[in-house]
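The values are calculated or read from the model by the stated rules, or taken from the named source; none is laboratory data. None of the values given here were measured: they were computed from a predicted structure. Here the Cβ positions follow ideal geometry from the backbone for every residue, glycine too, while neighbour counts run over all protein chains shown.
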Amino acid sequence: MEKKEVDYLLALPKRVKLHDILEDSITFDRPVLFQQKYKLGSPMDDNYTFLYEINQSPKVNLKLTLYLMDNETKIGLLRIDFNGQHQNPEEVIKDLPKDLLPFAGKLFDYNEPHIHYHVDGYKQMAWAKPAKGNFPVSDITSQDDIISAFYEFNTMIALETRFTINPILL
């Protein structure tokens, strides 16, 4: 998938699709462990559907992945990892976006949140750059940070469905 198409899909307004209805809003109780999958559709272009995965690790409470992919092809469009490891490829092809060049071969350690991008010519989501400076939430240190990252990622992927997350009542 070429960058132009990926950019189009990321910018396309999206809503959560439940029972073939594009939802304006969703309310749920604040999860202790945030693990959700949503099918998304667009009111502007019904040729595409998306899969949005939110995965908080049950073993490492502050490990979080937010992932958007094309639902039909399962090609990843954008992913953010907090408290996970990743190493970028050493090999650079001519079509690599210039903003990724400084990160060739970079190893992102567990304490380096990073954003994965689709780059045509490489395996699925092979390239990442630091979240710091490229995403409003640059670290996850609490459950509140997880919720903030969720909301910010929704903005980044043009998700128009409004989420209300009820607080945990003790």
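Tell me the residue from 97, 102, 89, 130 that is in contact with a Gly (Cβ under 8 Å, 6 or more places away or on another chain), farther than 26 Å from residue 41 by Cα and surrounded by fewer than 20 Cβ atoms within 10 Å (Cβ to Cβ), please.
One residue alone meets the criteria, 89.
Hey, among 43, 31, which residue is part of a loop (DSSP other than H, G, I, E, B), surrounded by 13 or more Cβ atoms within 10 Å (Cβ to Cβ) and either of a type outside the set (S, T, N, Q) or at pLDDT 95 or above (or both)?
Sole residue among the options that is part of a loop (DSSP other than H, G, I, E, B), surrounded by 13 or more Cβ atoms within 10 Å (Cβ to Cβ) and either of a type outside the set (S, T, N, Q) or at pLDDT 95 or above (or both): 31.
Only residues that are within 18 Å of residue 3 (Cα to Cα), free of Cβ contacts under 8 Å to residues at least 40 places away in the same chain and part of a strand (DSSP E or B): list them for the range 79-116, please.
Residue satisfying the conditions is 115 alone.
Of the residues 152, 160, 90, which is touching a Phe, Trp or Tyr at 6+ places or on another chain (Cβ under 7 Å) and of a type in the set (Asp, Glu)?
Sole residue among the options that is touching a Phe, Trp or Tyr at 6+ places or on another chain (Cβ under 7 Å) and of a type in the set (Asp, Glu): 152.
Considering each of 115, 21 in turn, give the residue that is closer than 22 Å to residue 160 by Cα, aliphatic (A, V, I, L, M) and in contact with a Pro (Cβ under 9 Å, 6 or more places away or on another chain).
115
Within the range 133-144, take every residue that is free of Cβ contacts under 8 Å to residues at least 60 places away in the same chain and surrounded by 14 or more Cβ atoms within 10 Å (Cβ to Cβ) and give me the one that is nearest to residue 95 (Cα to Cα).
134
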